[in-house]
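Beneath this line is the structure, given in structure tokens, with notes to follow.
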Amino acid sequence: MGLFNRRKENRPTFEVLGTDMHCHLLPSVDDGSRDINETLSCLKTMKSLGFKKIYFTPHFQANYPNDETDIVKRFEQLKKALAPHASEIPELAGISGEYRFDQRYERRAGIDAVNPLPGKTLLCELSLHGSSYNPLESFKAFLAEGYNLILAHPERYPYLGIHSPELKEILDLGIKLQLNTLSLNGFYGPAALEKGFAFLENGWVSYLGTDLHNTHYAQELVATAANSKVQKVLQRYKFLNSEL
Ligand SMILES: [Fe+2]
């Protein structure tokens with residue numbers, strides 16, 4: 001084996017992804033990082049695992065009715081505060097949100113109020129427990145306005161199986177799927193683990209996201225990076241993370 005191959009094997013696991021576009025590391029705004037020290041610790045771990053760019057995506061939902069203007073201000077303050085640590089952490093590339101589409105959370109000022117990722121891309125999530133609410137009409141309204149939609153962690157919705165007509169419709173609409181990386185290490189239980197790999201097998205997954213909340217998640221991410229099945233997934237599939 002040549003030197004080149006040995007070097008390649010030693011690369012950090014998530015270097016091939018480059019970008020993370022789903023995390024809750026903006027301090028004290030949702031159920032994620034509690035303070036700047038926890039954020040810094042998590043970001044250092046992410047850098048050691050190969051991430052180069054991070055987008056922050058705090059929750060926008062009934063339990064965390066964040067305000068985009070306030071969130072952007074907090075992000076700018078965080079960037080300033082972490083500037084002395086720039087070499088130890090990934091680039092803090094931008095601030096967006098994880099927008100929950102459910103009956104409890106109506107957008108206050110409509111489609112124009114959201115703060116998307118680059119390429120007018122919006123990270124969306126559904127209710128984790130299911131409801132009678134049908135998000136497809138809302139999704140279609142955003143698509144009609146030129147948004148690109150990413151559905152966060154489809155493997156975590158118990159009501160969304162690989163044979164669900166709703167899932168087929170979501171895919172047919174051109175909505176991209178983002179799997180939680182930790183799902184592939186069993187962090188969310190056996191059902192999400194099994195579905196995560198099934199979605200990959202079907203070629204339905206466009207992004208892997210950490211959905212990192214705190215240092216406990218960061219330790220789980222370290223364990224996930226050491227999982228040989230996850231390493232194989234990263235070698236085998238092409239993800240779009242680095243395009244963000
Ligand atoms: Fe999330």
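The values are calculated or read from the model by the stated rules, or taken from the named source; none is laboratory data. Being a predicted model, the structure only gives us computed values, none of them experimental. FYI the Cβ positions are ideal-geometry reconstructions off the backbone, even for glycines, and counts take in every protein chain you see.
Computed quantities for the displayed model
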read-out	value
Near pairs, Cβ below 7 angstrom, 6+ apart or cross-chain, from segment 34-60 (under 15 Å from His85 (Cβ atoms)) to any residue that is surrounded by fewer than 16 Cβ atoms within 10 Å (Cβ to Cβ) and at pLDDT below 95	Ser48/Pro12
Number of the exception - Ser242 against (1) within 16 Å of the ligand (Cβ to nearest atom); (2) assigned to a helix (DSSP H, G or I); (3) of a type in the set (Gly, Ala, Ser)	(1)
Residue identified as surrounded by fewer than 22 Cβ atoms within 10 Å (Cβ to Cβ), within 16 Å of the ligand (Cβ to nearest atom) and within 25 Å of Lys120 (Cβ to Cβ) among Leu171, Leu177	Leu177
Qualifying residue in segment 33-41 (condition: in a helix (DSSP H, G or I), within 30 Å of Pro135 (Cα to Cα) and among the hydrophobic types (A, V, I, L, M, F, W, C))	no
Residue count, segment 129-152 (criterion: within 20 Å of Ser96 (Cβ to Cβ) and in contact with a helix residue (DSSP H, G or I) (Cβ under 7 Å, 6 or more places away or on another chain))	5
Number of positions in segment 190-223 that are under 17 Å from His24 (Cβ atoms) and of a type outside the set (Asp, Glu)	13
Close pairs (8 angstrom Cβ cut-off, 6 or more residues apart or separate chains): among the β-branched types (Val, Ile, Thr) in segment 21-32, within 12 Å of the ligand (Cβ to nearest atom) and in a loop (DSSP other than H, G, I, E, B) anywhere	Val29/Pro58
Residue match in segment 160-168 (condition: of a type in the set (Ser, Thr, Tyr), more than 20 Å from the chain's Cα centre (by Cα), more than 16 Å from the ligand (Cβ to nearest atom) and surrounded by fewer than 19 Cβ atoms within 10 Å (Cβ to Cβ))	yes
Verdict on Tyr105 being at pLDDT below 95 and among the hydroxyl-bearing types (Ser, Thr, Tyr)	yes
Close pairs (8 angstrom Cβ cut-off, 6 or more residues apart or separate chains): surrounded by 13 or more Cβ atoms within 10 Å (Cβ to Cβ) in segment 81-101, of a type in the set (Gly, Ala, Ser) and in a helix (DSSP H, G or I) anywhere	Phe101/Ser138
Extreme residue, farthest from the ligand (Cβ to nearest atom), among residues of segment 137-159 that are in a strand (DSSP E or B) and touching a Cys at 6+ places or on another chain (Cβ under 9 Å)	Leu149
Subset tally (residues that are outside any strand (DSSP E or B), in contact with a helix residue (DSSP H, G or I) (Cβ under 6 Å, 6 or more places away or on another chain) and of a type in the set (Ser, Thr, Tyr)) for segment 182-218	4
Selection status of Asn63, within 16 Å of the ligand (Cβ to nearest atom) and on the phi < 0 side of the Ramachandran plot	yes
Output for segment 191-233, where each listed residue is more than 28 Å from His129 (Cβ to Cβ) and crowded, with 19+ Cβ neighbours inside 10 Å	Ala225
Unmet requirement for Ala141, which otherwise passes all of (1) out of contact with any His (no Cβ under 8 Å at 6 or more places or on another chain); (2) within 28 Å of Leu17 (Cα to Cα); (3) of a type in the set (Gly, Ala, Ser)	(2)
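Table: residues versus (1) assigned to a loop (DSSP other than H, G, I, E, B); (2) more than 16 Å from the ligand (Cβ to nearest atom); (3) under 18 Å from the mean Cα position of the chain (by Cα); (4) more than 23 Å from Pro154 (Cα to Cα).
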| residue | (1), (2), (3), (4) |
| --- | --- |
| Asp30 | yes, no, yes, no |
| Leu43 | no, yes, yes, yes |
| Lys47 | no, yes, yes, yes |
| Thr69 | no, yes, no, yes |
| Glu76 | no, yes, no, yes |
| Leu82 | no, yes, no, yes |
